[in-house]
1. Take E111 and decide whether it is open to solvent by 60 Å² or more (accessible area, probe 1.4 Å) and assigned by the TED database to the domain that holds P145.
2. If you scan the range 163-207, which residues turn out to be within 16 Å of the chain's Cα centre (by Cα) and at positive phi?
3. What number of residues within the range 152-203 are in a loop (DSSP other than H, G, I, E, B) and either surrounded by 18 or more Cβ atoms within 10 Å (Cβ to Cβ) or of a type outside the set (G, A, S) (or both)?
4. Pairs, please: C-beta under 8 Å, at least 6 apart or cross-chain, first residue more than 14 Å from V190 (Cα to Cα) and in the range 93-119, second of a type in the set (F, W, Y)?
5. Condition check: aliphatic (A, V, I, L, M), closer than 16 Å to G114 by Cα and assigned by the TED database to the domain that holds Q93. Does A157 satisfy that?
6. Could you look through the range 79-102, keep only residues that are farther than 16 Å from G176 by Cβ and of a type outside the set (S, T, N, Q), and pick out the one that is most open to solvent (accessible area, probe 1.4 Å)?
7. Is it true that some residue in the range 92-105 is in contact with a Ser or Thr (Cβ under 8 Å, 6 or more places away or on another chain) and of a type in the set (S, T, Y)?
8. Could you tell me whether any residue of the range 119-132 is over 23 Å from V63 (Cβ atoms) and open to solvent by less than 10 Å² (accessible area, probe 1.4 Å)?
Amino acid sequence: MSETTTQLDDSGAVDPNLPPDPSRRFWVTTACAVSGVAGVATAVPFVSSFAPSEKAKAAGAPVEVDVSGLAPGQMMTVEWRGKPVWILHRTKQQISDLKTLDPELADPHSERPGFTPDFAENEYRSRKPDLFICVGICTHLGCSPTPEFTGGPGLPADWKGGFLCPCHGSMFDLAGRVYKNKPAPDNLEVPPYVFSEDGTKVTIGVEDKKKA
């Protein structure tokens, strides 16, 4: 399993001095391991996980990740079933902004079937408001969107942060919800996962029907 961590500054922006996040590659054409990305200014959180055999990984073995060191505003990428899975520790401001975006979204309450498990049918699309976990593959044609935590070219002036697909322009907020009138037909997929009792680890690929 491969892991990367995206280091953000206090405003939630990706540090431009860092090399591009390898998870931006097309995951539909490659299952290559994602190289590590070192953070600047603060220490990169230590992430530990078990490494199942290649046969087990191909069968979809669960992946356990230590999230205890992931600070607000940081995002890490791990691999599960050959897919990039993003784990984002949202800041209080990012959580608050989610509530204001419903009118701009195609499926704000995740009512369309298939991409949101029961436990994530809430405004955060997660078990915990601060930790958001999703599969980093666009639901349009399988490209991997780019994290865009601040405004920029091609983004609305009041952009609250989210993910922009470089292939056809689909945009998603920080709960993986797709904006209206974009090519992607659905919100980003939320995989099954559970937290450890102390909340320091998350196991991706474990079914648990309990709602958050």
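1. Working: open to solvent by 60 Å² or more (accessible area, probe 1.4 Å): yes; assigned by the TED database to the domain that holds P145: yes.
Yes; evaluated as a whole, the condition is true for this residue.
2. G176, G205, listed by residue number.
3. So the answer is 32.
4. Pairs that qualify, where the first residue is more than 14 Å from V190 (Cα to Cα) and the partner is of a type in the set (F, W, Y), are I95/Y124; L98/Y124; E104/Y179; L105/Y179; A106/Y179.
5. Details: aliphatic (A, V, I, L, M): yes; closer than 16 Å to G114 by Cα: no; assigned by the TED database to the domain that holds Q93: yes.
When the stated conditions are applied, A157 does not pass them.
6. Checking each candidate, the answer is K92.
7. So the first thing to find is which residues in the range 92-105 are in contact with a Ser or Thr (Cβ under 8 Å, 6 or more places away or on another chain), and the list is none.
No, the range 92-105 contains no residue that is in contact with a Ser or Thr (Cβ under 8 Å, 6 or more places away or on another chain) and of a type in the set (S, T, Y).
8. No: the range 119-132 contains no residue that is over 23 Å from V63 (Cβ atoms) and open to solvent by less than 10 Å² (accessible area, probe 1.4 Å).
The values are calculated or read from the model by the stated rules, or taken from the named source; none is laboratory data. Because the structure is a prediction, the values reported are computed rather than measured. No Cβ is skipped: glycine too gets one built from the backbone with ideal geometry, and neighbour counts run over all protein chains shown. Calculation scope for accessible area: heavy atoms of the full protein, side chains included, ligands and nucleic acids excluded. Shrake-Rupley method; radii C 1.70, N 1.55, O 1.52, S 1.80 Å.
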